[in-house]
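Worksheet: one structure, shown below.
The values are calculated or read from the model by the stated rules, or taken from the named source; none is laboratory data. Model, not experiment: these values are computed from the prediction. Cβ sites come from the backbone with ideal geometry, for glycine too, and all protein chains shown count toward neighbours. With ligands, DNA and RNA removed, areas are computed over all heavy atoms of the protein, side chains included. Shrake-Rupley method; radii C 1.70, N 1.55, O 1.52, S 1.80 Å.
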Amino acid sequence: MKITDFMAYELIEQIKNKELKIIDIIQQTYENIEKVENSVHSFVSLSKEKAIEKAKNLDKQIENKKLKGKLFGLPIAIKDLICIKDSPTTCCSKILKDFKPPYNATIIERLLNNENAICVGRTNMDEFAMGSSTENSCYGPSYNPWDLVRVPGGSSGGSATSVSSGQVLFSIGTDTGGSIRCPASYCGVVGLKPTYGRVSRYGLISYANSLDVIGPITHCVKDTALLLEVIAGKDPLDSTSFDIKVDDYSQNLDQSIENKILGVPKEFFGDGIQPNVKNKINDTIKLSEKLGAEIKEITLPHLEYTIPTYYLIAMSEASSNLARFDGLRYGEMYDNPQNDVFEIFSKTRGEKFGEEVRRRIILGTYTLSAGYYDMFYIKALKIRTLIKQDFKNAFTQCDAIVCPTMPTTAFKIGELIDDPLQMYLMDTLTCPVNLAGLPALSIPCGFDNNNLPIGFQIIGNYFDEKMILNIGYLIEKKLDIYRKIPPLLKK
Ligand code: GLN
């Protein structure tokens, strides 16, 4: 039996019925990783011994009918910026090369300890989650399983390639300005950015904390729903988490969407969208209509300010969050340090941070400095409010908003890395959602002429993950392409 022929929720049934042992799943997972890892580079560290030991243990607990939790030993890959106790957590940065956190993030407690998933390894990402291609990782890029000369998207690139290439059935990423949805779209998998505050971020190493959210990447909507069920909910250790009822997201996904109104914002279909992408998105909108939804054109007039607003806020917050990595409080010092504290700070940070992270810290520090604060940072916050307001108005007219996830399909490695502005523009359709704090789902909806996946984005109202999962599930079922994986494992 090949585990890649199944979805996670199907494997769970087989484990429950004792048709399958957890240890066999874990062993097959590592075999698959061995086969394709050299091609895709999803992982920056693996935890094989621990995983095998846990699998054997859980199998015993199943025998004795004592296994607790919803995830039944299924293998999961975790982005390298979420703290796991005593295990390397590097943010794919040289400055945290040897960092092993002394505690678990809440999401790790929930996934691994309460629900008994098994972490098989840590996934590659842009350094400190800054990027849209995974090229900013200190370990080198990940490669798109659909075309190995292309980027997988970012910053959760390794989390997406680990699922897309068939190494694991689900993974965890983070989304500050699209970092779950962008790689999900480029790699042809499902990615969910939950509402801001839906999932605890205690133990997440922050990039921009008014935007950061943790969420799942999987092959199908039902597996994403299952993971959300487990990770969502109030956490006393994270004061930004909300105490709002967590639904049984994976149940009743097939409710009719008849008479639900889907808003199509005209600003999301402008000139920068590749014709291939536009066509597939329009086809998928027509399909939603066939499923009974009503389509309505809407407008989000401040959308054109998204990129400057997002990057001003994200860089300002990053400059403040990353101040602690100085070689003394956190992070590895440069070689042969002298006694001067300013030299220690500046040499450590100059040598150990990559180019993109340095650029953002410098720009963020500038925009927060006296005299520029009002001109840039405060102005960006004001525009953020206008963008939020646009969405609030839109949701008085519709139940969900549909549009492309990314303006293009995956670009080539090296194509945009020397042109940061061009790279930032790739985030035009994902960042508005983070600025507003809304939930959004990306599901694969087809392929372009080069056989590269295209992502369809469904944006929901605050805490209405249920609605977007429901819509995504019905579309996914009709399209029926979600079991398709790239041919790497077959070679
Ligand atoms: N590309 C965006 C950035 O570089 C998104 C990052 C993210 O969501 N972590 O900021």
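Here are the numbers for this structure:
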quantity	calculated
In sequence order, calculated HN-Hα J values of the stretch 103-110 (Karplus, 6.51, -1.76, 1.60; Hz; x Gly/Pro)	8, 8, 5, 4, 5, 6, 4, 5
3J(HN,Hα) from dihedral phi, the stretch 352-369, Karplus parametrisation 6.51/-1.76/1.60, rounded to Hz, x for glycine, proline	8, 8, x, 4, 5, 5, 4, 4, 5, 5, 5, 5, x, 5, 4, 6, 8, 7
Share of carbon and sulfur in the accessible heavy-atom surface of the chain [1.4 Å probe, %]	50
For THR123, residues with placed amide H under 5 Å, excluding near neighbours	VAL44, ILE78, LYS79, ASP80
Cα gyration tensor shape for the stretch 228-370, rounded if a/c is under 1.5, else prolate or oblate	prolate
The stretch 287-344-the stretch 101-166 distance, computed between alpha-carbon centres (Å)	17
The stretch 342-433 shape via C-alpha gyration tensor axes, a/c threshold 1.5	oblate
In nm, spacing of pseudo-spin labels at MET375 and LYS266 (7 Å Cα→C-beta vector)	3.6
Rounded to the nearest 20 debye, dipole of the chain from Cβ charges on Lys, Arg, Asp, Glu	760
In order through the stretch 59-66: 3J(HN,Hα) via Karplus (6.51 cos²θ - 1.76 cosθ + 1.60), integer Hz, x for Gly, Pro	4, 4, 5, 5, 3, 8, 6, 10
Mean Cβ count within 10 Å, highest first, over the residues of peptides 250-258, 132-140, 118-126	118-126, 132-140, 250-258
Cα gyration tensor, the stretch 1-116 - rounded (a/c under 1.5), prolate or oblate	oblate
Accessible surface, per residue, of the chain when the full set of protein chains is kept, probe 1.4 Å, Å²	39
Rounded to 5, the percent of DSSP beta bridges in the chain classed as antiparallel	65
Spacing of the two label points (7 Å from each Cα toward its C-beta) at ASP419 and ASN449, in nm	2.0
Sparse-neighbour loop sites [GluC sites (Glu not before Pro); the stretch 1-57; at most 10 other C-beta within 10 Å; DSSP]	GLU19
Antiparallel bridge percentage (DSSP; both residues within the stretch 1-150; nearest 5)	40
Label-point separation, THR240 to GLN14 (7 Å along Cα→Cβ), nm	3.9
